[in-house]
Amino acid sequence: MKSAFLLEIARARAERQAIAVVTRLRDGAQSLHPARGPQGDLELTEPVLAEVRDRCRHDRSGRLRADPALFIRCYTPAYRLIIVGAVHIAQALAPAAVMAGFDVTIVDPRTAFATVERFPDTTVTHEWPDVALETLAPDAQTAVAALSHDPKLDDPALIAALASPAFYVGALGSRRTHAARLERFAAHGIDGSERLRAPVGLNLGGRSAGEIAIAIIAEIIQTRYRTT
């Protein structure tokens with residue numbers, strides 16, 4: 001691979017941008033496909049380019065269906081989970097998400113709850129959720145779960161997440177709580193009825209913090225693969 005390609009891949013990964021290398025198997029000719037457009041030795045047809053963009057977006061390396069003589073290697077950002085609220089469910093959800101391959105960030109300005117002792121080996125920020133999400137900039141490979149059960153924390157995070165490309169946005173709370181939340185959002189011209197998953201998690205019937213955490217990560221994974 002050309003050194004210029006390696007530098008471009010490193011830059012894209014540092015900026016959380018998807019990028020791919022397409023190789024012609026018979027002679028090793030290659031092209032690079034960052035977000036701003038292809039570069040390199042290969043001239044690809046529009047059907048091939050469309051498949052390259054789709055595979056790059058969804059991290060699916062392999063031979064291209066549109067042209068089996070070509071192989072694509074995708075470099076996509078790691079999937080992330082932003083958890084708002086350093087609650088008991090978050091303590092179970094964070095390690096479950098890490099086990100499933102997500103980078104996890106806990107967001108909670110309450111320093112008594114969001115501690116290293118309660119969330120070892122997990123990134124924790126004490127910024128207010130709207131500020132934290134502006135910094136974290138959820139992208140199409142980010143899930144956001146609001147678990148604090150406090151509108152002062154959950155609402156700003158959910159509003160920011162709904163305005164982002166995040167593939168999953170969920171919130172803890174009963175159906176009545178969710179209905180009241182949607183009314184608050186509607187008063188500010190925000191429609192969360194389509195994208196916002198609430199009550200958060202698959203309906204597995206569990207009630208403990210660990211069981212609810214499993215239901216949440218299961219729904220996130222389900223949504224991730226349905227989206228892709």
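The table for this structure:
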{"read-out": "Matching residues, the range 99-128, being in contact with a strand residue (DSSP E or B) (Cβ under 6 Å, 6 or more places away or on another chain) and surrounded by fewer than 16 Cβ atoms within 10 Å (Cβ to Cβ)", "value": "THR123"}
{"read-out": "Residue in the range 74-87 that is farthest from GLU46 (Cα to Cα), counting only those that are out of contact with any Phe, Trp or Tyr (no Cβ under 9 Å at 6 or more places or on another chain) and modelled with pLDDT under 95", "value": "PRO77"}
{"read-out": "Enumeration of residues in the range 129-163 that are part of a loop (DSSP other than H, G, I, E, B) and surrounded by fewer than 18 Cβ atoms within 10 Å (Cβ to Cβ)", "value": "ALA137, ASP139, ALA140, HIS149, ASP150, ALA163"}
{"read-out": "Any pair with Cβ under 8 angstrom, 6 or more apart, that starts in the range 104-129 at a residue that is over 22 Å from ILE216 (Cα atoms) and ends at one that is part of a loop (DSSP other than H, G, I, E, B) and among the acidic types (Asp, Glu)", "value": "PRO109/GLU127; HIS126/ASP108"}
{"read-out": "Wholly enclosed strands (runs of 3 or more DSSP E) of the range 4-85 bearing at least 2 residues touching a Lys or Arg at 6+ places or on another chain (Cβ under 7 Å)", "value": "19-24, 70-75"}
{"read-out": "Qualifying residue in the range 209-216 (condition: in the same structural domain as PRO109 (by TED's automatic domain parsing), surrounded by fewer than 18 Cβ atoms within 10 Å (Cβ to Cβ) and in a loop (DSSP other than H, G, I, E, B))", "value": "no"}
{"read-out": "Any hit, the range 204-227, residues being polar (S, T, N, Q), under 30 Å from ALA14 (Cβ atoms) and modelled with pLDDT under 90", "value": "yes"}
{"read-out": "Single residue of the range 100-113 satisfying the filter (closer than 15 Å to ASP154 by Cα and in a loop (DSSP other than H, G, I, E, B)) that is farthest from the chain's Cα centre (by Cα)", "value": "ARG110"}
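One line per residue, one yes/no per condition, for (1) within 21 Å of ALA137 (Cα to Cα); (2) more than 22 Å from the chain's Cα centre (by Cα); (3) not basic (Lys, Arg):
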| residue | (1), (2), (3) |
| --- | --- |
| SER164 | yes, no, yes |
| GLY205 | no, yes, yes |
| SER208 | no, yes, yes |
| ILE212 | no, no, yes |
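The values are calculated or read from the model by the stated rules, or taken from the named source; none is laboratory data. All values reported here derive from a predicted model rather than from experimental measurement. Here the Cβ is made from the backbone with ideal geometry for all residues, glycine too, and neighbour counts use every protein chain on show.
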